[in-house]
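J.: Structure in structure tokens, see below.
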Amino acid sequence: MDMFVIQGGSRLKGNIPLSGSKNASLPIMSAALLTDEEIILRNVPDLADIRHQCKLLESLGAKVWRDNENALHIKVEDESNCQAEYELVRRMRASICVLGPMLARRQKAQVSMPGGCAIGDRPIDLHLNGLKTLGASIHLEAGYVSTECPRLQGTEIFLGGPFGSTVLGTANIMSAAVLAKGKTTIESAACEPEVVDLGNFLNAMGAKITGHGSPRIEIEGVDQLHGCDYEIIPDRIEAGTFMVAAAITNGELTIEKCPCNHLMAVIDRLRHIGVIVEPDGNNTVVSSARRLTPADLTTQPYPGFPTDLQAQLMALLCLADGNSIITEKIFPDRFMHIAELNRMGARLRKEGPTVVVQGVRELIGAPIMASDLRASAALVLAGMVARGETQILRVYHIDRGYEKIEEKLNAVGASIVRTSES
Ligand code: EPU
């Protein structure tokens, strides 16, 4: 397994590019199962999770390849297999988003139930209720969800749950309802930019979707969809992570083609903390040269503060001049990074879904362990500012969602070496 060895103390400076959004790519790739015509996707990042999704699509009869311009092509050639195997699904929870498209196109779908996950309990009840409301039969057997329906029927679906809406649940229901007979209305739909990107992609395939980006999505079912050529949006979570990288190292980064309109809640908190965020054409310049002011933040569904940037902001607030309060309202147990940051000298105390962050003067390098994707990103950020050397074990977590992160950060002045755990 790989590890990172980080020498702390460098100030980052320069231009840094963004990759395409992982969380937009995964449901869009799944939706390619809705046609047997060729789909071309541009700006799909080259990541462990994306390679995994390619294998899953191949197991479901698709031919998947990259061309010499790095565009990803998907063409379904055999629709006879309707089962997504446990061996493939267990490695990545987002595999569940093949369920809706496969059911809509092949009239049946069997997907292994995704297992537990480092960020907490992650049920799929809302996905299943939505498909049932569209007329599908649902059975749970030997760890698999089996669904069947000769033709889904458009209807009204309420998708809200105890923690708000569901991003992949909305993706699944949208991608199923596009081929349903008649009109479907999704109430309490997720409004995340990744859901909007999926809606735009489905429309490029010939779907009739309106309202995506709002809590009420309307879908007029069509008989069939066709191939298309589509460019995925930039990764807002990678952009937010680089904003914190500039701030935590007292540096100045120009984030290229930064989707600031998808990051308003994050920019609001960063400015409160004292970070300077300034648009410069398509780019955004982020810098920080003074002491950090503490801040309170609560994660919420979009357009609220994203749970996927909670750990990174916590790393930053460890160094603020006073106490901050962070409350996690999407995944209340998503705090695996606390113990590791405390090993580096942070003062973090968890009380239920809330963490009290007592600012300290410095973090100190230590051997630490990555646990999930975003927690690992927070540890890289902490390592870049810590005194001395930080060793992060199990960086495969970070490789799931950040494309060439050490290369990008080293190009603007970081000192991160990838090596093998011995
Ligand atoms: N929930 C239910 N029932 C369901 C589905 C979800 O109760 O059927 C609950 C969840 O337990 C959670 C809340 O609803 O408390 C929101 O979960 P959601 O379904 O929106 O999460 P997701 O769609 O499984 C996506 C991202 C996550 C991101 C969340 C929230 C992908 C591949 N994953 O997950 O990204 O944290 O939305 O924004 O898009 C990551 O990239 O590191 C990551 C974990």
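J.: My understanding is that a pair violates if its Cα-Cα distance is over 25 Å; which of LYS63/LYS181; LYS55/LYS75; LYS183/LYS257; LYS13/LYS257 do that in this structure?
T.: Distance filter (> 25 Å) returns LYS63/LYS181; LYS183/LYS257.
J.: First check a/c for region 186-251, with a ≥ b ≥ c the square roots of the eigenvalues of its C-alpha gyration tensor; if it is under 1.5, answer rounded, and if not, answer prolate when a/b is larger than b/c or oblate otherwise.
T.: oblate
J.: I would also like to ask the following. Under 1.5 on a/c is rounded, so check that first for region 354-402, then, if it is not, pick prolate when a/b is larger than b/c and oblate when it is not; a ≥ b ≥ c are the square roots of the alpha carbon gyration tensor eigenvalues.
T.: Cα axes put region 354-402 in the oblate bin.
J.: Using only DSSP helix segments of four residues or longer, with each worth -39500 (n - 2.57), what per-residue ellipticity at 222 nm results for the chain after dividing by its residue count and rounding to 500?
T.: -8500 deg cm²/dmol
J.: Run through region 255-309 and list the trypsin sites (Lys or Arg not before Pro) located in a DSSP loop whose Cβ has at most 11 other Cβ atoms within 10 Å.
T.: The qualifying sites are ARG290.
J.: Pull up the DSSP beta bridges for region 22-231 and report the antiparallel fraction as a percent, rounded to 5.
T.: Counting DSSP beta bridges with both partners in region 22-231, the antiparallel share is about 70 percent.
J.: State, to one decimal in nm², a quarter of the convex hull surface area for the C-alpha atoms of region 1-67, i.e. the direction-averaged projected area.
T.: 7.0
J.: So, one more: Using θ = phi - 60° and the Karplus form 6.51 cos²θ - 1.76 cosθ + 1.60, what ³J(HN,Hα) does each residue of region 82-88 get, whole Hz, x for Gly and Pro?
T.: Along region 82-88, the couplings run 10, 10, 8, 6, 3, 4, 7 Hz.
J.: Now for a different question. In degrees from 0 to 90, rounded to the nearest 10, what is the angle of the helix 48-59 Cα long axis to the longest principal axis of the chain?
T.: Once rounded, the angle reads 10 degrees.
J.: Can I ask one more? Per residue of region 270-283, in order, report the coupling 6.51 cos²θ - 1.76 cosθ + 1.60 (Karplus, θ = phi - 60°) as ³J(HN,Hα) in whole Hz, putting x for Gly and Pro.
T.: 4, 5, 4, 6, x, 8, 9, 10, 10, x, 9, x, 7, 9
J.: With a ≥ b ≥ c taken as the square roots of the eigenvalues of the C-alpha gyration tensor of region 253-409, please select rounded if a/c is under 1.5 and otherwise prolate if a/b is larger than b/c or oblate if it is not?
T.: Cα axes put region 253-409 in the rounded bin.
J.: Search the structure for amide H atoms under 5 Å from the amide H of SER21, placed 1.01 Å from N in the peptide plane, and list their residues when 5 or more places away or on another chain.
T.: For SER21, the qualifying residues are ILE233, ASP235.
J.: What residues have an amide H closer than 5 Å to that of ALA84, excluding those fewer than 5 places away on the same chain, when H is modeled at 1.01 Å from N in the peptide plane?
T.: Hits under the 5 Å cutoff: GLN110, VAL111, SER112.
J.: Could you give the Stokes-Einstein D for the chain in µm² per second, using the C-alpha Kirkwood radius, 10 °C, 1.306 mPa s?
T.: 72
J.: Right, here's the next one. Given H placed 1.01 Å from N in the peptide plane, which residues other than close sequence neighbours of LYS329 have an amide H under 5 Å from its amide H?
T.: THR299
J.: Further question on the same structure: Rg over Rh of region 22-231, using C-alpha atoms and the Kirkwood radius, what does it come to?
T.: Taking Rg over the Kirkwood Rh, I get 0.92.
J.: What percent of all Cα-Cα pairs in region 80-185 falls in each 10 Å bin, counting up from 0?
T.: Reading the bins upward from 0: 16, 51, 29, 4.
J.: In addition: Find, among the GluC sites (Glu not before Pro) in region 393-422, those assigned to loop by DSSP (not H, G, I, E, B) with at most 11 other beta-carbon atoms within 10 angstrom.
T.: Passing both the DSSP loop test and the Cβ count: GLU421.
J.: Helix 236-248 versus the longest principal axis of the chain: what is the Cα-based angle in degrees, 0 to 90, to the nearest 10?
T.: 0
J.: What ³J(HN,Hα) values, in whole Hz, does the Karplus curve 6.51 cos²θ - 1.76 cosθ + 1.60 give for region 61-77 when θ = phi - 60°, with x put for Gly and Pro?
T.: x, 9, 9, 10, 8, 9, 8, 6, 9, 6, 6, 9, 10, 10, 9, 6, 10
J.: Would you mind calculating the relative contact order of the chain from Cα pairs under 8 angstrom and at least 6 residues apart, reporting the percent as a whole number?
T.: 21
J.: Once you keep just the Cα pairs under 8 angstrom separated by 6 or more residues, what percentage relative contact order results for region 1-150?
T.: Once divided by the residue count of region 1-150, the mean separation gives 19 percent.
J.: Continuing with this model, one more query. On a 0 to 90 degree scale, rounded to 10, what angle separates helix 193-204 from the longest Cα axis of the chain?
T.: 30
J.: Suppose we keep just the DSSP beta bridges with both residues in region 82-198; what percent of those would be antiparallel, to 5?
T.: Percentage antiparallel, nearest 5: 65.
Every number in this text was worked out from the coordinates using simple rules, so none of it is lab data. The structure displayed is predicted, hence computed values, not measured ones. Because the Cβ atoms are built from the backbone with ideal geometry, glycine has one as well, and the counts that use them run over all protein chains shown.
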